[in-house]
Amino acid sequence: MISTDNLTVSYGDKTIINDLSLALPKGKITALIGPNGCGKSTLLKALARINKASAGQVLLNDQPLQTFADKQLAQQLSLLPQILTTPEGVTVQRLVEYGRSPYISHWGKLSGQDKQIVEQAMQETQVSEFATQTASSLSGGQRQRAWIAMVLAQDTEVVMLDEPTTYLDLSHQIELMKLMQAMKAKGKTVIVVLHDLNQACRYCDHLVVMKQGEVVAEGEPKAVFTEQLLQDVFSLAAKVVPDPIANTPMCVAY
Amino acid sequence: MKHLTLSVLLLILLLIGIASLFVGASTLSAQQIIDTLLHSGEYDFIVNQYRLPRLLLAIGVGAGLGLSGSLIQGVIRNPLASPDLMGISAGAGLAATSLLVFYAAAPVYLLLLTALSGGLIAAAIILLIAYKTKPTPIRLALIGIAISTFLSSGIDFLIIVNPVEMNTAMVWLTGSLWGRNWTQVPIIWATLAVVLPFAFWLAWRLDVMGLGEDCATSLGIRPSKLQLIALLTAVILASISVAVAGTIAFIGLLAPHLARMLFGHDHKLLIPASALLGALMLIIADTLARGLQPPLELPAGVLTSLIGAPYFIFLLQRYKAW
Amino acid sequence: MPFSTRYILLFASALILLLFSFAYSLIAWSSFPLNLSHISAYFFNFDHQSIEQQILATTRIPRLLVAILIGTNLAVAGVLMQGLTRNPLASPSILGINAGAACFMALASIGINVLGEVSSLVSASVGGLVSGALVIFLGGFFSARSNPLKLILAGIAINALLIGITRAAIILADDRAYSVITWLSGSLASMDWQQWQLLWPTSLVGLVISAYVAKNLNLLALGNEVATSLGINIAFTRFLSCIAIILLTASSVAVVGPIGFVGLIVPHIARRLVSNNYLLLLPISALLGSCLIVWADALSRGIAFPAETPVGVITALIGAPFFVFLSIRSKAL
């Protein structure tokens, strides 16, 4: 599905990701985890072609990313950045419609099908009732859902989310995780950067653990998530116990 | 609702346009004007050769400046950005003045090309500085104003040291529609006709750019390409406007602001509305310029800065992101 | 006081530069060939018959003296404004004082006497005062969180407005566009002894006041609280400085029209040379300012000889890039 081939990404003369080869499973939820500054956001942006590879390449369905036209790529791959600038005066409906950008005509006219997809995306994220309100007037959780609706409207096989839970309270975080699982149920590949390790273990199928631009471990949470790993990667003394509800690994720091 | 407002504006434009045909040194009756428009006659010169082309020019140039301003503000996301505050108008003006000073009989196409290259160079300079120093919006405005000042002193310099050629350049430069005739009308209207589709093509994409560069990229829009096209369009519009009517200040700043107040942030409405409001402003300014103390003519550019400067101050009072 | 050798050297070289400028400016670019011997003859052995000496006596000498004084005035006014507002971009032209003075004079000259029958100097002063006050008020200088850039932008807007009014007024009265542009750009072309007589008394008063407030400005730079506790009357110091700024700027504009950027550039260079001590800053700025104007004036005659370029155009051409540089570099903004 999506993979990297000796990928190197640098800002100026500072190399963030060095010679990384990685293949992410199709139709699963993959979480990128690691301490601050380990390069997970950088990797995510490189996977979405926002950051240019200084060496190596990213492959989407075995095709190098740079061979895609802008719109063509945007029809297969979407990314929700961590920091979102909600423009002034834009209604939720409009915001979600922006998700159709890769499909619409030159003049920005939405077809009937486009409108239907937008409607559906708003229903799935439960923002239909706010459709005519401006996005900036919503609460943090509602606004985040509106943005997710935009990504859903983009209707891509691969969906990437950069720390989507950062400004949400716990109940909204869980809501968001469930949305991700709903996307997976529709056959999408979801790649997400997460800070909450327990959520990553519970809701994701595949973990990619990063440290200083390198992948330290990769695989199913049950196989990867160990006390030793937490010590090595996060310098965190913790006990890993089974999650009482999902039976996935769960860490308790001490 | 918003489309209604747009239609009302169009109607006002039409009415003021018709009214402007009555304003000038000689007073004509409605009957006389209609007669002249339909089958020329006694007042052919005043109406058909003088007031009518001026009206069409005012609409074209005003629309061009308004459009240019809305595109620049759409790209740079800076409420103080506009072709005149960023030195584009002054660049086009300086280039065109130099041409007129050294080659007074220059053909029209050469004047257009020169003005255009002047505008492009000025835009390139300020963008280069902006790219190198990553200034805050306000600081960018300040740099633009300084470059403008520099270029306009260049214009003053050329005009003063070449008093013989001065009249041509002076008439052309003060930002006035005086002394223009039918020759300039097709220039500005053709430019508008070519550029308008581009502007509408940009509308949706500029909206999406408002979500931030990363978001726009992931939605299939390449920010650098879009910015380049939008700025190029804006510079072309501003430069051709300057080539036709000289530097008319503040329309490029004001029209998009008023449009945003009336129509919100949707570029599909903002773009036509800015053009419409720009045209409206220039017609009013030009009619006043002609009618305040006939037969004397004020440059329309002076009137627009009398209206524009207070608005600029008002803008400063409201601007929060210091 | 650090009157070390360095400062004495600096002062001396500035003086020499100035002296050289004087001599050069007296003889350069004249339709009549002039040389140094004519200057010495003028001073030591004046001959009424000599055309060259007559030129020196009636046009060159007064022009030079006016240039020196204008440069001093504008530079000192610039130092005072930057000191008062603590804003590196403040200067008479940018805060609209030049334009205000010019506007009121233009209105007066076409018969719109806002103030009744008064001399051009008074209308220029009032104009400068009104526009300066307006800019400072609109720029939020007195508000709790004043932003230096807001002040500058307010100044720019007021400038545009006033220049618009000035041009409109003059065109409506009489379309002598050429002379308007020349005068609005600031020109030393038609100076004679009469203008000098108009200029020097007010300038002298302004300069004396500036010298008087210099020490207080040093303390004011330490912050309002410290200055107060050191026994400085802040309001009075500000008031005196404002009076000095208005007198210096208005008298200059009344005589030669608005000349921009001198008050901006010179204090910056002077500050580089002698740091922030106003007791040194003021005289050095005055010297540098006169040098700048004398040179710019000589250049204005030479650059398109025999046509005269307004000196204000030259200073703007030098000053605007400097302004760009400052607005990019200045950390205080």
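The values are calculated or read from the model by the stated rules, or taken from the named source; none is laboratory data. The structure presented is a predicted model; accordingly, all values stated were derived computationally and were not measured. In this analysis, Cβ positions are derived from the backbone assuming ideal geometry, glycine residues included, and neighbour counts consider all displayed protein chains.
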Completion exercise
For B:Ile313, the lone unmet condition from (1) assigned to a helix (DSSP H, G or I); (2) within 11 Å of another protein chain (Cβ to nearest Cβ); (3) in contact (Cβ under 8 Å) with a residue 12 or more places away in the chain is (3)
Completion exercise
Of the residues in region B:1-31, those that are free of Cβ contacts under 8 Å to residues at least 12 places away in the same chain and surrounded by 12 or more Cβ atoms within 10 Å (Cβ to Cβ) come to B:Ile18, B:Phe22
Handout entry: Total residues in region C:220-237, condition within 30 Å of C:Pro201 (Cβ to Cβ) and crowded, with 17+ Cβ neighbours inside 10 Å
Key = 3
Practice task
Output the number of the condition that A:Ile148 fails; it satisfies all remaining conditions of (1) among the β-branched types (Val, Ile, Thr); (2) within 19 Å of A:Thr86 (Cβ to Cβ); (3) not in a helix (DSSP H, G or I).
Solution key: (3)
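Looking only at residues that are part of a helix (DSSP H, G or I) and of a type in the set (S, T, N, Q) in region B:205-264, which one is farthest from the other protein chains (Cβ to nearest Cβ)?
Of everything passing the filter in region B:205-264, B:Ser239 is farthest from the other protein chains (Cβ to nearest Cβ).
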Exercise for the section: Check off (1) under 26 Å from A:Val240 (Cβ atoms); (2) surrounded by fewer than 24 Cβ atoms within 10 Å (Cβ to Cβ) for A:Leu138 and give me the number that stays unchecked. Expected result: (1)
Exercise for the section: Pull up region A:53-85, narrow it to residues that are free of Cβ contacts under 8 Å to residues at least 60 places away in the same chain and in a loop (DSSP other than H, G, I, E, B), then point me to the one that is surrounded by the most Cβ atoms within 10 Å (Cβ to Cβ). Expected result: A:Ala53
Problem - Odd one out for A:Val127 among (1) within 22 Å of the chain's Cα centre (by Cα); (2) within 17 Å of B:Gly212 (Cα to Cα); (3) buried (at least 21 other Cβ atoms within 10 Å of the Cβ) - result: (2)
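Where in region B:1-113 are the helices (runs of 4 or more DSSP H), entirely inside, with at least 2 residues that are under 22 Å from the mean Cα position of the chain (by Cα)?
Result: B:2-20, B:52-76, B:88-102.
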Practice task
Test each condition in (1) crowded, with 24+ Cβ neighbours inside 10 Å; (2) away from chain B (no Cβ under 14 Å); (3) modelled with pLDDT under 85 for C:Asn277 and report the one that comes out false.
Solution key: (1)
Exercise for the section: Might you let me know whether region B:292-310 holds any residue that is free of Cβ contacts under 8 Å to residues at least 60 places away in the same chain and more than 11 Å from chain C (Cβ to nearest Cβ)? Expected result: no
Handout entry: Matching residues in region A:1-40 - criterion: being among the hydrophobic types (A, V, I, L, M, F, W, C) and surrounded by fewer than 16 Cβ atoms within 10 Å (Cβ to Cβ)
Key = A:Ala23
Problem - Test for C:Ile328: is it part of a helix (DSSP H, G or I), more than 15 Å from the chain's Cα centre (by Cα) and closer than 17 Å to C:Ile94 by Cα - result: yes
Practice task
Look at B:Leu298 and say whether it is assigned to a helix (DSSP H, G or I) and either in contact with a helix residue (DSSP H, G or I) (Cβ under 8 Å, 6 or more places away or on another chain) or crowded, with 24+ Cβ neighbours inside 10 Å (or both).
Solution key: no
Exercise for the section: Select, from C:Leu273, C:Leu282, the only residue that is touching a residue at least 60 places away in the same chain (Cβ under 8 Å), in contact with a Ser or Thr (Cβ under 7 Å, 6 or more places away or on another chain) and not β-branched (Val, Ile, Thr). Expected result: C:Leu282
Handout entry: A:Leu110, sole failed condition from (1) modelled with pLDDT under 90; (2) part of a helix (DSSP H, G or I); (3) touching an Asp or Glu at 6+ places or on another chain (Cβ under 8 Å)
Key = (2)
Practice task
From the list A:Ala135, A:Ala153, A:Ala237, A:Ala149, pick out the single residue that is small (Gly, Ala, Ser) and free of Cβ contacts under 8 Å to residues at least 40 places away in the same chain.
Solution key: A:Ala237
Problem - Looking only at region C:282-313, and only at residues there that are modelled with pLDDT under 85 and within 20 Å of B:Ala146 (Cβ to Cβ), the one that is nearest to the other protein chains (Cβ to nearest Cβ) - result: C:Val313
Exercise for the section: Within region C:147-188, work out how many residues are more than 7 Å from every other protein chain (Cβ to nearest Cβ), farther than 19 Å from C:Ala124 by Cβ and either surrounded by 23 or more Cβ atoms within 10 Å (Cβ to Cβ) or at pLDDT 75 or above (or both). Expected result: 1
Completion exercise
Per the filter on region A:120-144, residues closer than 14 Å to A:Thr91 by Cβ, more than 14 Å from every other protein chain (Cβ to nearest Cβ) and assigned to a helix (DSSP H, G or I) are A:Met122, A:Ser128, A:Glu129, A:Phe130, A:Gln142
Exercise for the section: Provide a single number: the residues in region B:114-158 that are at the interface with chain C (Cβ under 8 Å from one of its Cβ atoms) and at positive phi. Expected result: 0
Practice task
State yes or no: is B:Val235 surrounded by fewer than 22 Cβ atoms within 10 Å (Cβ to Cβ) and at pLDDT 80 or above?
Solution key: no
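Being at pLDDT 85 or above, out of contact with any strand residue (DSSP E or B) (no Cβ under 7 Å at 6 or more places or on another chain) and at positive phi: is that true of B:Phe263 here?
Values: at pLDDT 85 or above: yes; out of contact with any strand residue (DSSP E or B) (no Cβ under 7 Å at 6 or more places or on another chain): yes; at positive phi: no.
No; evaluated as a whole, the condition is false for this residue.
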Handout entry: Unique match (being surrounded by fewer than 24 Cβ atoms within 10 Å (Cβ to Cβ) and modelled with pLDDT under 90) among B:Gly291, B:Gly308, B:Gly246
Key = B:Gly291
Completion exercise
When region A:45-104 is checked residue by residue, the ones that are aliphatic (A, V, I, L, M), facing another protein chain (nearest Cβ under 9 Å) and within 19 Å of the chain's Cα centre (by Cα) are A:Ala48, A:Ile50, A:Leu73, A:Ala74, A:Leu77, A:Leu79, A:Leu80, A:Ile83, A:Leu84, A:Leu95
